Each structure stands twice: as C-alpha cells, then as structure tokens.
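Engineer: There's a structure below that I have some questions on.
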Amino acid sequence: MPFTYKIDTDLGLIFYSGLNTNGAEMLQAEKAAANDPSRLPSMKIIVDLSKSTLDISLNDIYEALKMNRNRMEKGSALEATAFISHSRFIKALGDTYRLLGENMPLLFGIFNTLPDAIKWLGLSDKEAEISRIQEEIMKDLEKKAAV
C-alpha cells in the first residue's frame, strides 16, 4: 500500500504518509488505523503528503466526512490533524473539506513543514521522536516502491 500509518501511544500520535497515493488508499489506511487496538481516543494526527502526489475525488472527501460523522455519532471527538504539503491543490481540498463539513467540529491545519505541524499540535518537545517516525515511514515506503 503506498499509504501507511504508524501509531505511537507514548506520543499520543498517529502518523500517516504516502507516495503517489489516492483518496481510496488514504481512507483504507484510516479505516485500518481506526481498528488498530493501539489507537486511543483523542490521539493527534499528522498526515505527511510532502513527498506524495495525490489523486483524490470529491467522493473521497464525502467519504472522509461520513467517517467523521460516524465517529462523532459513536461519541468520539474528532482529533487535531495536521497535514504537511506544499501543494496548492491540497490547500484547496482542505478548504473544500471545511465547507462541506461546516457543521462539524473539524480541527485541522495544513502546513509546509513538519516542525510547523508539530508546533501546531503542541508537540514541539517531541520533535526529534516525530522526525524519526517520518524518516522510518519514508524509508519503508521508498523501499516498497523500489520493488
């Protein structure tokens, strides 16, 4: 799968990343993480798209909103989510997501760098550990892509 995640319970963080991925793969990774026994309520989330080209549709956005509505109906709060991307397209998708989810308590930001995302999430004291997670996931994805 070109999109994957790692959960770090000590940091209270889910870190997603991918290479040349699409919305369906992102949603598949989110569903897998939601069912992962190490996922705890109210974990902070980083979605690193800094080295990814992303193919996403309006239907993918609707599906993500549906997943969040279901989460809220089950009593779970929506987590603070920081996206990392230089893409104007991703920023436009974020605006679209906010507009379509206007009645939902969405808490997300889109940042150009990992340190900015970490700071926004209030995890600045854990930057070294989070940077290692990013490097580990990228190495694994690049290795899988080379096969």
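Engineer: Among the residues of the stretch 64-73, write down those that are surrounded by 17 or more Cβ atoms within 10 Å (Cβ to Cβ) and under 17 Å from ASN22 (Cα atoms).
Structural biologist: ALA64 - this is the single residue of the stretch 64-73 that is surrounded by 17 or more Cβ atoms within 10 Å (Cβ to Cβ) and under 17 Å from ASN22 (Cα atoms).
Engineer: Could you list, in sequence order, all residues of the stretch 75-96 that are closer than 20 Å to ILE14 by Cα and more than 13 Å from the chain's Cα centre (by Cα)?
Structural biologist: If the condition is that a residue be closer than 20 Å to ILE14 by Cα and more than 13 Å from the chain's Cα centre (by Cα), then GLY75, SER76, ALA77 are the ones that fit.
Engineer: Looking only at residues that are assigned to a loop (DSSP other than H, G, I, E, B) and within 20 Å of SER50 (Cβ to Cβ) in the stretch 81-122, which one is most open to solvent (accessible area, probe 1.4 Å)?
Structural biologist: The extreme case among them is HIS86.
Engineer: Which residues, counting only those in the stretch 11-38, are touching a helix residue (DSSP H, G or I) at 6+ places or on another chain (Cβ under 7 Å), modelled with pLDDT under 95 and closer than 23 Å to ALA77 by Cβ?
Structural biologist: LEU27, GLU30
Engineer: List every residue pair whose Cβ atoms lie under 7 Å apart, where the two residues are 6 or more positions apart in sequence or sit on different chains, the first residue falls within the stretch 74-91 and is touching a residue at least 24 places away in the same chain (Cβ under 8 Å), and the second residue, located anywhere, is acidic (Asp, Glu).
Structural biologist: ILE84/ASP48
Engineer: Being part of a strand (DSSP E or B) and closer than 15 Å to ARG132 by Cα is the filter here; which residues of the stretch 1-30 pass it?
Structural biologist: TYR5, LYS6, ILE7, ASP8, LEU13, ILE14, PHE15, TYR16, SER17, listed by residue number.
Engineer: Quick one: how many residues across the stretch 17-27 are closer than 12 Å to SER52 by Cα and open to solvent by 10 Å² or more (accessible area, probe 1.4 Å)?
Structural biologist: Looking only at that region, the number is 4.
Engineer: Check whether at least one residue in the stretch 129-145 is at negative phi, modelled with pLDDT of 90 or more and part of a loop (DSSP other than H, G, I, E, B), and report yes or no.
Structural biologist: no
Engineer: Could you count how many residues in the stretch 31-59 are open to solvent by 30 Å² or more (accessible area, probe 1.4 Å) and in a helix (DSSP H, G or I)?
Structural biologist: Count: 5.
Engineer: Within the stretch 123-147, work out how many residues are farther than 30 Å from GLU73 by Cα and surrounded by 17 or more Cβ atoms within 10 Å (Cβ to Cβ). Outline the logic, then answer.
Structural biologist: Within the stretch 123-147, the subset farther than 30 Å from GLU73 by Cα is 124-147.
Those still in the list that are surrounded by 17 or more Cβ atoms within 10 Å (Cβ to Cβ) too: 126, 130, 133-134, 137, 141.
Of the residues in that region, 6 qualify.
The values are calculated or read from the model by the stated rules, or taken from the named source; none is laboratory data. Fair warning: this is a prediction, and the values are worked out from it, not measured in the lab. Reconstructed Cβ throughout: ideal geometry from the backbone, glycine too, with neighbour counts over all protein chains shown. Protein only, heavy atoms only, side chains kept; ligands, DNA and RNA dropped before computing areas. Shrake-Rupley method; radii C 1.70, N 1.55, O 1.52, S 1.80 Å.
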